[in-house]
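The values are calculated or read from the model by the stated rules, or taken from the named source; none is laboratory data. If you're wondering where the values come from, they're calculated on a predicted model, not measured in any experiment. All Cβ positions, glycine included, derive from the backbone under ideal geometry; neighbour counts span all protein chains shown. What goes into the accessible areas is simple: the full protein's heavy atoms, side chains included, and nothing from ligands, DNA or RNA. Shrake-Rupley method; radii C 1.70, N 1.55, O 1.52, S 1.80 Å.
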Amino acid sequence: MSTTLRDLPAWTSLESHHSEVKGRHLRELFAEDPGRGERMTAEAAGLFLDYSKHRATDETLKLLVKLAEESDLRGQIDAMFRGDPINATEHRSVLHVALRAPKGQSIFVDGKDVVPDVHEVLDKMAGFSDRIRSGEWRGYTGKPIRNIVNIGIGGSDLGPVMAYEALRHFSDRGLTLRFVSNVDGTDFAEATRDLDPAETLFIVSSKTFTTLETMTNAQTARAWTLASLKDDKAIARHFVAVSTNADEVSKFGIDTANMFGFWDWVGGRYSMDAAIGLSTMIAVGPENFRAMLAGFHAMDEHYRTAPFEKNLPAILGLLTVWYTDFFGAETVAVLPYDQYLKRFPAYLQQLTMESNGKSVTLDGKRVDYPTGPIYWGEPGTNGQHSFYQLIHQGTRLIPCDFIGFCQSLNPLGDHHDLLMSNVFAQAEALAFGKTAEQVKAEGTADWLVPHRTFEGNRPSNVILADRLTPEMLGALIALYEHSVFTQGTIWRVNPFDQWGVELGKVLAKRIIPELESKDEPKLNHDSSTNALIRRYRRLKRT
Ligand code: F6P
């Protein structure tokens, strides 16, 4: 491989190609090529992607695919699926794809087939979920469990919350699910204030079982349970753990028989389909959970085998590289037109930004090109009445992903047609805008014309599926997981470590005793941090 990304022939070609394309308007591109709306599409695992409203031509796509080839994307995909230790900075394989591999498939880590282990845990989760859902599993006082509280943070929270919200339609409405993540006591207090401890099960979800927030909340949950049930034996009926760290789980006092394991080759932000999804499985049932895994797997197989020109995650990822590195776009807006996907953008923020928010390559060199963009978003149509103004008429270029479904899970009058008309209208308005001539022809006063003109040429993807089923959710998440991998591979960063979260954790540990000590501590921070700590100590109430 050549020394830097910028040295690749495809990169150089894309630079000169960009200078030709950047001045072209989507109005012209569509007028010259009426077939592009049908042609620049791809479909897999039940998802349809229209990428025709991009500031890109067939040549752009050809060059981006060439960039993928010159970056050995194919080789990297194969290495990931083979279980090679591609997370080099942590010496680990990266095998979230094994979590959804069907029984009978083999994937090896250090000579051991991990797929049977995956299914053993899934079966254990299914057995447990069934016992909770049927009421067979009883709390300490003999009452059935009605409330499930997942305690976790980051990848041990965002995936489970997102999936629960996304699949709420398929959930057992007799169960109440809550999620506690923040070390802010308010999170725990509000999540439990109306719950009966005798009917509540806590799932303590933590890959490491050492995360400060989760351990603090888990101890609080334990005290909350014991305050009411008054017997240590109650813990076994009201606490289970999801972790890779059996030692810490038993130190906490949870019987490892009630622990659901996973493995160090599953990254936290890639773990919602491992045992970290236990709350999801309890909510929607094992069958729906397995359907979700099948959706993930269908997209995995597509990513692994389809040529890049027809490969949804590759196209999505390469277009993100196109805007990030050649147009200088700094963000991507993810706009699901489905209320059930309200936590999807938050989930994607960890997936994308903890993965590709890196500035050194795998071989430790500082990059000289932009990497991971900022992902953000809100469900439509709500966002239209808040931030879309900036996307339409602001000074920044913000590529958008519109996500919509052809059938509503809650058909109510004409709501769904109204909702979907907005998906198509927004993508159309962003791409084609409204010229000053058109505005003038409507009789607008001259002075108002610039304000009412839409320059357009603002790119978007439209991702459509039939219905938001568990399968579709799995396929959609895998689409973004592999888009992130595509981007990371082009940028030569490691999308699977997260060293950038360490420093703040270490400094907080040093500050905790300085906030808690009775005696005035000797502070050795900078003058700002010292003064803030002193002020806090003065004003806090103990
Ligand atoms: O702070 C970052 C992080 O390590 C994430 O990558 C991870 O998802 C989260 O913390 C939670 O970690 P754990 O599951 O070990 O509690």
- Message: Tell me whether region 433-451 contains one or more residues that are open to solvent by 10 Å² or more (accessible area, probe 1.4 Å) and either within 21 Å of residue 42 (Cα to Cα) or in contact with a Cys (Cβ under 7 Å, 6 or more places away or on another chain) (or both).
- Response: no
- Filter region 203-226 down to the residues that are within 12 Å of the ligand (Cβ to nearest atom) and over 15 Å from residue 191 (Cβ atoms), then identify the one that is surrounded by the most Cβ atoms within 10 Å (Cβ to Cβ). 206
- Item | Residue among 395, 371 that is hydroxyl-bearing (Ser, Thr, Tyr) and open to solvent by 80 Å² or more (accessible area, probe 1.4 Å) | 395
- Task: Determine which member of the set 309, 354, 378 is crowded, with 16+ Cβ neighbours inside 10 Å, assigned to a helix (DSSP H, G or I) and in contact (Cβ under 8 Å) with a residue 12 or more places away in the chain.
- Result: 354
- Go through 149, 183 for me and flag whichever is buried (at least 17 other Cβ atoms within 10 Å of the Cβ), outside any loop (DSSP other than H, G, I, E, B), modelled with pLDDT of 95 or more and within 16 Å of the ligand (Cβ to nearest atom). 149
- Within region 158-174, track down each residue that is of a type outside the set (Val, Ile, Thr) and open to solvent by 10 Å² or more (accessible area, probe 1.4 Å). 158, 164, 165, 168, 169, 170, 171, 172, 173, 174
- Item | Test result for residue 113, over 30 Å from residue 408 (Cα atoms), in contact (Cβ under 8 Å) with a residue 24 or more places away in the chain and either more than 16 Å from the ligand (Cβ to nearest atom) or crowded, with 19+ Cβ neighbours inside 10 Å (or both) | no
- Wholly inside region 431-542, helices (runs of 4 or more DSSP H) that include 2 or more residues that are within 30 Å of residue 70 (Cβ to Cβ) are 470-491
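Results for (1) without any contact (Cβ under 8 Å) to a residue 12 or more places away in the chain; (2) of a type in the set (S, T, N, Q); (3) open to solvent by 90 Å² or more (accessible area, probe 1.4 Å); (4) under 30 Å from residue 42 (Cβ atoms), shown as yes or no for each residue.
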position	(1), (2), (3), (4)
456	no, no, no, yes
479	no, no, no, yes
489	no, yes, no, yes
493	no, no, no, yes
507	yes, no, no, no
514	no, no, no, no
539	yes, no, yes, no
- Can you tell me which residue in region 249-269 is nearest to residue 163 (Cα to Cα), limited to those that are at pLDDT 95 or above and charged (D, E, K, R)? 269
- Message: For region 293-305, which positions are among the hydroxyl-bearing types (Ser, Thr, Tyr) and open to solvent by 10 Å² or more (accessible area, probe 1.4 Å)?
- Response: 305
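With 129, 71, 134, 52 as the choices, which residue is small (Gly, Ala, Ser) and surrounded by fewer than 21 Cβ atoms within 10 Å (Cβ to Cβ)? Give the steps one after another, and end with the answer.
Numbers: 129 fails: surrounded by fewer than 21 Cβ atoms within 10 Å (Cβ to Cβ); 71 fails: surrounded by fewer than 21 Cβ atoms within 10 Å (Cβ to Cβ); 52 fails: surrounded by fewer than 21 Cβ atoms within 10 Å (Cβ to Cβ).
Among 129, 71, 134, 52, only 134 is small (Gly, Ala, Ser) and surrounded by fewer than 21 Cβ atoms within 10 Å (Cβ to Cβ).
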- Query: Taking region 261-292, which residues are in contact with a Phe, Trp or Tyr (Cβ under 7 Å, 6 or more places away or on another chain), away from the ligand (no atom under 16 Å from the Cβ) and open to solvent by less than 10 Å² (accessible area, probe 1.4 Å)?
  - Reply: 281, 283, 284
- Note on the structure: Taking region 306-329 and keeping residues among the acidic types (Asp, Glu) and in contact with a Pro (Cβ under 8 Å, 6 or more places away or on another chain) leaves 325
- Message: Residues that are open to solvent by 10 Å² or more (accessible area, probe 1.4 Å), outside any helix (DSSP H, G or I), over 25 Å from residue 468 (Cβ atoms) and free of Cβ contacts under 8 Å to residues at least 12 places away in the same chain: does region 227-247 have at least one?
- Response: yes
- Message: Condition check: touching a helix residue (DSSP H, G or I) at 6+ places or on another chain (Cβ under 7 Å), more than 30 Å from residue 93 (Cα to Cα) and among the hydrophobic types (A, V, I, L, M, F, W, C). Does residue 533 satisfy that?
- Response: yes
- residue 258 being more than 21 Å from the chain's Cα centre (by Cα), away from the ligand (no atom under 16 Å from the Cβ) and either surrounded by fewer than 24 Cβ atoms within 10 Å (Cβ to Cβ) or not acidic (Asp, Glu) (or both): yes
- Query: Residues of region 85-110 being open to solvent by 70 Å² or more (accessible area, probe 1.4 Å) and of a type outside the set (Lys, Arg), which ones?
  - Reply: 85, 91, 104, 108, 110
- Note on the structure: Restricted to region 406-416 and to residues being open to solvent by 40 Å² or more (accessible area, probe 1.4 Å) and over 14 Å from residue 464 (Cα atoms), the residue nearest to the chain's Cα centre (by Cα) is 410
- Task: Residues being charged (D, E, K, R) and either without any contact (Cβ under 8 Å) to a residue 60 or more places away in the chain or within 16 Å of the ligand (Cβ to nearest atom) (or both): count how many of those fall in region 152-180.
- Result: 3
- Got a number for residues in region 1-47 being crowded, with 18+ Cβ neighbours inside 10 Å and closer than 30 Å to residue 300 by Cβ? 12
- Message: Looking for something within 16 Å of the ligand (Cβ to nearest atom), among the acidic types (Asp, Glu) and either surrounded by fewer than 16 Cβ atoms within 10 Å (Cβ to Cβ) or farther than 21 Å from residue 265 by Cβ (or both) - is there at least one such residue anywhere in region 495-503?
- Response: yes
